[in-house]
Amino acid sequence: MNASSIKRLLQVATLAISGLLALTPGAQAQPTKIRVSTIPIIDTAPLQVGIAKGFFAAEGLEVDTTPTAGGAMGLPALAAGQVQITFSNIISVVLGAKQGLGFEIIAAGSNTGDKTPDLAALIAKKGSTIKTGKDLEGKRVAVNTRNNIIWLYARAWVQATGGNPDAVTYLEVPFPQMVDAVKGDRVDAAFVVEPFLSAGVASDAVSIVAWPYNAVQKRIPVSQYAATKTFITQNPGVIDRWVRAYNKAVDWTNQNQGSEEWTKIISAYTRLAPEQIRSLSLPAYEKTVDPASIDMVVEQMRKHKMIEGPFDSKALLYRTAVK
């Protein structure tokens, strides 16, 4: 056999081996790993559902979550490329975009509804005389982070109910520790979200003072998932797959709230007992964002001197999040 014949045989053998490898399950492409900054609160239920139900895996994605105390804290990691997607509140995303950090919303997170109860309330110690924003002047209110949506709407509620928001001290306290901070008199009130709200009320040590979100604005686009323009431009297919899986999880969540399987998933990441989860006030889980609702939030930001100059809410929304 001459050299050219041997070469042809080697080529055929190589092609055959390549074909066999392509058919071998272990040789298939590895899933794309996506790091997501998140918060262990009820708002992120669809994300956890998508992971638990395999919706992301079905799209060839492996989602690795990094918990934080608040959405504002996840955005620096997003800007630095340490995570590819961040669950954050609309205030922090707007501020980051305004500062030129290149954030874009790729998927909706949670909205408040038209009536109470909703996903967050102002609580105080049982028997407290605090009823209005005026009563909070000179007092301490727990917020998870400053300059975010909890902080802004706490201020807005104080102002709407006769108080001076600048006369209130806002202390940063992680959501899981807020009820204990109120019970231990470290703060006079706390603006706390589910699932910690229901757990605190069930303890009979705190009571609800008000529903600041609902009192100030209906259907607030509280939270979303954001990525950087750079990552989106370089990985449009990955974004499409991630959002497709997430939206499937939103549909499943909305259709199965209260079921045994849903309760098990929520319990796993919030570490709450199933009986506590069944009493939660749930947000509206959405798949798209209305830019007009963002405009209303931006107006609140202007009132409290968080933003100046024009802001284009439509430009903040990537095509996967547009209504």
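The values are calculated or read from the model by the stated rules, or taken from the named source; none is laboratory data. Note that the structure is predicted; figures quoted are calculated from it, not measured. Cβ coordinates were reconstructed from backbone atoms using ideal geometry, including for glycine residues, and neighbour counts include every protein chain displayed. Remember, those area values only see protein heavy atoms, side chains included, never the ligands or the DNA or RNA. Shrake-Rupley method; radii C 1.70, N 1.55, O 1.52, S 1.80 Å.
Considered as a group, the residues in region 105-128 that are among the charged types (D, E, K, R) and farther than 20 Å from THR169 by Cβ include one that is most open to solvent (accessible area, probe 1.4 Å), and that residue is LYS115. Here GLY163 clears all of (1) in contact with a Ser or Thr (Cβ under 9 Å, 6 or more places away or on another chain); (2) in a helix (DSSP H, G or I) except the condition numbered (2). Restricting the first member to region 211-229 and to residues that are at negative phi and part of a helix (DSSP H, G or I), and the second to residues that are acidic (Asp, Glu) and buried (at least 20 other Cβ atoms within 10 Å of the Cβ), the beta-carbon pairs closer than 7 Å and six or more apart or on different chains are TYR213/ASP118; ASN214/ASP118; LYS229/GLU104. Restricting region 27-50 to residues that are more than 15 Å from the chain's Cα centre (by Cα) and among the aliphatic types (A, V, I, L, M) leaves a set whose member that is modelled with the highest pLDDT is ILE34. Checked against the criteria, ASP240 does not count as modelled with pLDDT under 95 and out of contact with any His (no Cβ under 9 Å at 6 or more places or on another chain). The condition of being open to solvent by less than 30 Å² (accessible area, probe 1.4 Å), hydrophobic (A, V, I, L, M, F, W, C) and within 25 Å of PRO176 (Cα to Cα) holds for only one of VAL243, VAL298, VAL250, VAL216, that being VAL250.
Here is a yes/no grid of residues against (1) buried (at least 24 other Cβ atoms within 10 Å of the Cβ); (2) in a helix (DSSP H, G or I):
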{"site": "ILE130", "(1), (2)": "no, no"}
{"site": "ARG146", "(1), (2)": "no, no"}
{"site": "ARG155", "(1), (2)": "yes, yes"}
{"site": "GLN159", "(1), (2)": "no, yes"}
{"site": "LEU171", "(1), (2)": "no, no"}
{"site": "ASP180", "(1), (2)": "no, yes"}
{"site": "ASP185", "(1), (2)": "no, no"}
{"site": "VAL192", "(1), (2)": "yes, no"}
{"site": "ASP204", "(1), (2)": "no, no"}
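Within region 74-90, can one find any residue that is open to solvent by 50 Å² or more (accessible area, probe 1.4 Å) and assigned to a loop (DSSP other than H, G, I, E, B)? The answer is yes; a qualifying residue exists.
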